[in-house]
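The values are calculated or read from the model by the stated rules, or taken from the named source; none is laboratory data. Bear in mind the structure is a predicted one, so any value in this text is a computation, not a measurement. Cβ atoms come from the backbone with ideal geometry, glycine included; neighbour counts cover every protein chain shown. Just the protein is used for accessible areas: all its heavy atoms, side chains included, with ligands, DNA and RNA removed. Shrake-Rupley method; radii C 1.70, N 1.55, O 1.52, S 1.80 Å.
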Amino acid sequence: MNEQTTATSFKWLYIFIAMAVLVNFSGLFILIIGPDGTLYATIAKTMVLRHDYVNLYALGADWLDKPHFPFWITALSFNLFGISTWAYKLPGILFMMMGVWYTYLFAKSLYNKEVALWSALILLTAQHIVVSNYDVRAEPYLTGLVIASVYHLYRAYIQNNFWQLLAGCVFAACSIMTKGMFALIPIGGAIAGHLIITKQWKQLFNWRWLIAAVLIMIFTLPELYCLYEQFDLHPEKVVFGHQGVSGIRFFFWDSQFGRFFNTGPIKGSGDPTFFVHTTLWAFLPWSLLLFAAIFQFIRKGAKNVQSHEWYCLCGSLLTFLVFSASKFQLPHYLNIVFPFFAILTAQYLYNLKAEKSIRALRITQLIVIFLLSVIIIALHYFFQPEEFNWITGTILLVLLILLPFLPRTITSKAFWRIGFSTLLVSFIINLYLNLAFYPSLLHYQALTQAALWINKNNPDKLPVVQSGDVPFAMEFYLDQPLTNIGTDGNGPTPPKPYLLFAQTDVINGLKAKGWQMQPVKTFERYWISRLKPQFLNKGTREKALTYSELVIVK
């Protein structure tokens, strides 16, 4: 391509990046999905209401699980913008956008601008990244922090620059204060892995890494202080059913190695193949290309080790292998290595030259595009979202019209054409999910819907009591305090009359005990984070639903 054509094509890359960013922000105002998202939002809300940024509480009790950093950032957002859905999600999405920027910088340093731009696009459209920017938990923070730390430590190594080292250590410490010590695996794996494979032993044992370890520990002290204040100073507190629980021990061992070996208070069951099939859907629409990219990278790299960078492969695969060996596995754990995956995939696409390889790429992505299109059409046909309006329909129709001819119009590069088609399909799918599917789905998150209804229809400000559900969604969205009692009615309750929200069978059980109640409103209920075909099909949805009731207890 000539210089003018290249400049024009790059403009289209910027346009597509802007569109991808907008898609990732399209879930900003959608209600928070429970239970995890609403739990984290409630903890940060409690921080703000209590003006206590040292202790973490859930359900009115001491909470020991995740570190403080995401809650501090969310609490800062609440203090600046008020307690709301978008104020909860905004900082997480911004940290993810920071991760996209650092992915671009890292790829540009390792390869070139074209690879860097495609790395950013691939990361922005990887399916679980978009999902995590709607269902915000700790992962958007961690993804941004990990790749930022790797980039600055890489710059510290090649430039011998203390300030780059300092920045890398700050981001590494924030990563630890987001998810624990295992956050160091992709960071250390990327840097050390490259130096080991390229046999740079002097650089590997350079004094700067000892300084880095000390700095990281120093920058992690705020987390250790908070854990010590809340737990180690108070052995009388009952945590996980035991007294004398050390917050610092939990942070360094039980939270991480305890999950890994299944010896801690929070247990799971591991499957060595879990993250293989998770990657297949979580990194869509690029996952098949990723597998090909890793295979080709190792095959070519083995022939000429010194001429390749090994940061991305080592950082991602070491983390992948450790998580695969763990006894506690969840799909979103992989998000932190998606920047590495994006760079590996982008450099693979950039280096495709043979017509046979390009033809295989075209066929592969056309199959992926076809299957994704069929899935989303089937989902719409069966689910019939209530929130699908003409604005959403128009946006999707425009993108659908652009799909066949726009990629051919704006570039002559084969992999760019295929890439642009893939991006457009990703935009269509995720805009549909964020603008139609998820908002409709949340109609069945009864705790949230009840809280919003009570906020508008409780002029006498009757106290609110909840029984029998994981209450975080109601606690976050309710504009007044929430009291929780057992399904048998035991527990402290406010003076009567008060509003009681519970599942229908709980209400009937309390009526049988002689409780006097006046019905107010019934809400449809479904555990929307565990979707089943019966629920997704509107024709059979009624059979999958249960009901919760709001009553006045007299």
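Positive-end ranking of Ser77, Asn206, Val146 along the dipole of the chain, with charges on Cβ about the Cα centre, is headed by Asn206.
Report, to the nearest whole %, how much of the accessible area of segment 120-189 belongs to carbon and sulfur atoms, 1.4 Å probe, protein only. All intermediate terms of the calculation are to be shown ahead of the outcome.
On the way: 950 of 1510 Å².
Carbon-and-sulfur percentage of accessible area, whole number: 63.
For Trp101, what accessible area in Å² do you get when you roll a 1.4 Å probe over the heavy atoms of the protein chains, rounding to the nearest 10? Near enough 140 Å² of accessible area. Dividing the mean sequence gap of close Cα pairs (under 8 Å, 6+ apart) by how many residues the chain holds gives a relative contact order of 15 percent. In straight-distance terms, cross-link reach from Lys356 covers every one of the aspartates and glutamates whose alpha-carbon lies under 18 Å from its own, apart from those fewer than eight places away in the same chain; here that gives an empty set. Basic side chains Lys and Arg get +1 at the Cβ, acidic Asp and Glu get -1 at the Cβ, and with that the dipole of the chain about its Cα centre reaches some 1480 debye. Each residue of segment 51-64 was assigned a 3J(HN,Hα) from its phi angle through the Karplus expression (A = 6.51, B = -1.76, C = 1.60, θ = phi - 60°), giving 6, 10, 10, 9, 9, 9, 10, 9, 6, x, 10, 4, 10, 10 Hz with x at Gly and Pro. Of the listed residues Arg249, Arg408, the order by accessible area with a 1.4 Å probe, largest first, is Arg408, Arg249.
Please give the calculated 222 nm ellipticity per residue for the chain, where each DSSP H segment of at least 4 residues contributes -39500 (n - 2.57) and the sum is spread over every residue; nearest 500 deg cm²/dmol?
Details: 25 runs with 334 residues, N = 554.
Value at 222 nm, helices only: -19000 deg cm²/dmol.
For segment 109-126, backbone phi angles converted through the Karplus equation (6.51, -1.76, 1.60; θ = phi - 60°) give residue-by-residue couplings of 5, 7, 10, 7, 5, 5, 4, 5, 5, 5, 4, 4, 5, 5, 5, 5, 10, 4 Hz, Gly and Pro being listed as x. The long axis of helix 287-301 is offset from the longest Cα principal axis of the chain by roughly 40 degrees.
Taking all protein chains together and a 1.4 Å probe, the residues Thr483, Thr42 rank Thr483, Thr42 from largest to smallest accessible area. To the nearest ten degrees, helix 446-456 and the longest principal axis of the Cα atoms of the chain are 60 degrees apart.
Between segment 145-161 and segment 304-324, the alpha-carbon centres lie 16 Å apart. Here segment 65-166 is assigned +1 on the Cβ of each Lys and Arg and -1 on the Cβ of each Asp and Glu. Its dipole about the Cα centre then comes out at about 180 debye.
Measuring between their Cα centroids, segment 358-412 and segment 215-248 lie 50 Å from each other. What are the trypsin sites (Lys or Arg not before Pro) within segment 444-551 that DSSP puts in a loop, where the Cβ has at most 15 other Cβ atoms within 10 Å? Loop-located and lightly packed - Lys461, Lys513, Arg530, Lys538. For segment 141-200, trypsin sites (Lys or Arg not before Pro) meeting the loop criterion (DSSP other than H, G, I, E, B) and having at most 15 other Cβ atoms within 10 Å: Lys199. Scattering from segment 109-155 was approximated by placing one identical point on each alpha carbon and applying the Debye formula without solvent; log10 I(q)/I(0) at 0.32 1/Å stands at -1.10.
What is the distance in Å between the Cα centroid of segment 336-351 and that of segment 26-91? Using only Cα atoms to place each centre, the spacing works out to 33 Å.
From the largest down, the chain spans 80, 58, 41 angstrom on the principal axes of its Cα atoms. Ranking Val136, Gln516, Leu344 by how far each Cα lies toward the positive end of the dipole of the chain (charges on Cβ) leaves Leu344 at the top.
Based on Cβ point charges of +1 for Lys and Arg and -1 for Asp and Glu, what charge dipole magnitude is obtained for segment 45-123 about its Cα centre, in debye rounded to the nearest 20? Don't skip to the answer; put the middle values down first.
Numbers: 6 positive and 4 negative charges, 38 e Å.
Dipole of segment 45-123, to the nearest 20 debye: 180 debye.
Over segment 37-180, what relative contact order in percent results from Cα pairs under 8 Å that are six or more residues apart? Normalised by residue count, the contact order of segment 37-180 is 24 percent. What chymotrypsin sites (Phe, Trp or Tyr not before Pro) in segment 7-40 are in a loop by DSSP, with at most 12 other Cβ atoms within 10 Å of the Cβ? Qualifying residues, ordered by number: Phe29. Annotation: average projected area of segment 1-117 is 9.5 square nanometres, based on the convex hull of Cα atoms across all directions. The residues Cys169, Cys174, sorted by heavy-atom accessible surface at 1.4 Å with ligands and nucleic acids left out, run Cys174, Cys169 from largest to smallest.
Just add up the charged neighbours of Ala107: K/R +1, D/E -1, any other residue whose Cβ is under 15 Å from the Cβ of Ala107.
Result for the local shell: +1.
Per residue, the chain exposes an accessible area of 43 Å² to a 1.4 Å probe, with every protein chain left in place. Positive-end ranking of Val170, Met97, Phe250 along the dipole of the chain, with charges on Cβ about the Cα centre, is headed by Met97.
Here the simple spin-label model places points 7 Å from the Cα toward Cβ, and for Phe295 and Asn351 these points are separated by 1.5 nm. Note on Glu229 and Arg362: their simple-model spin labels are 6.3 nm apart, each label 7 Å out from Cα toward Cβ. Average projected area of the Cα convex hull of segment 42-181, in nm²? Averaging across all directions leaves 9.4 nm² for the Cα convex hull.
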